[in-house]
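Values quoted throughout were computed directly from the atomic coordinates according to the rules given, and no laboratory measurement underlies them. Because the structure is a prediction, the values reported are computed rather than measured.
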């Protein structure tokens, strides 16, 4: 009989540890998804960190988030639900599909094009600059040379 009790106790302990791990996992998922959302009350803060006193929106959104996490298995489904019901601005990060994909693609493309244009402009300027030879000082205009010598005399250099 003691063997049966030990086995039952071990099984109960294992089940409770499994439940706690699942609860902790659900809480971590709640935190992770909640950090990707914005409170829609106008305070422009993350949903779980909204410190707007008497905020009428954040408690409702948090309840909706908890319910969605229990029902939906994928985080992207939860975020899509919030985009649909609260608007696209409810989710801080844009989605990685559809028109919102442009928010991920356009900035690196524009940066690459700008760097390429800058390199092109600099190389064009370098080609247009006159090349100065090593013995070019001797080939200067005599009038310029006289002005230079006069400036040296007057400044005592």
Next item on the list: For the stretch 71-122, just say rounded, prolate or oblate: build the C-alpha gyration tensor, square-root its eigenvalues into a ≥ b ≥ c, call rounded for a/c under 1.5, and beyond that prolate if a/b exceeds b/c, oblate if not.
Entry: prolate
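Taking a ≥ b ≥ c as the square roots of the eigenvalues of the Cα gyration tensor of the stretch 24-93, is the shape rounded (a/c under 1.5), prolate (a/b larger than b/c) or oblate? Don't skip to the end; give the middle numbers.
Values: a/c = 1.81, a/b = 1.39, b/c = 1.30.
Judged from the Cα gyration tensor, the stretch 24-93 comes out prolate (a/c at least 1.5, a/b above b/c).
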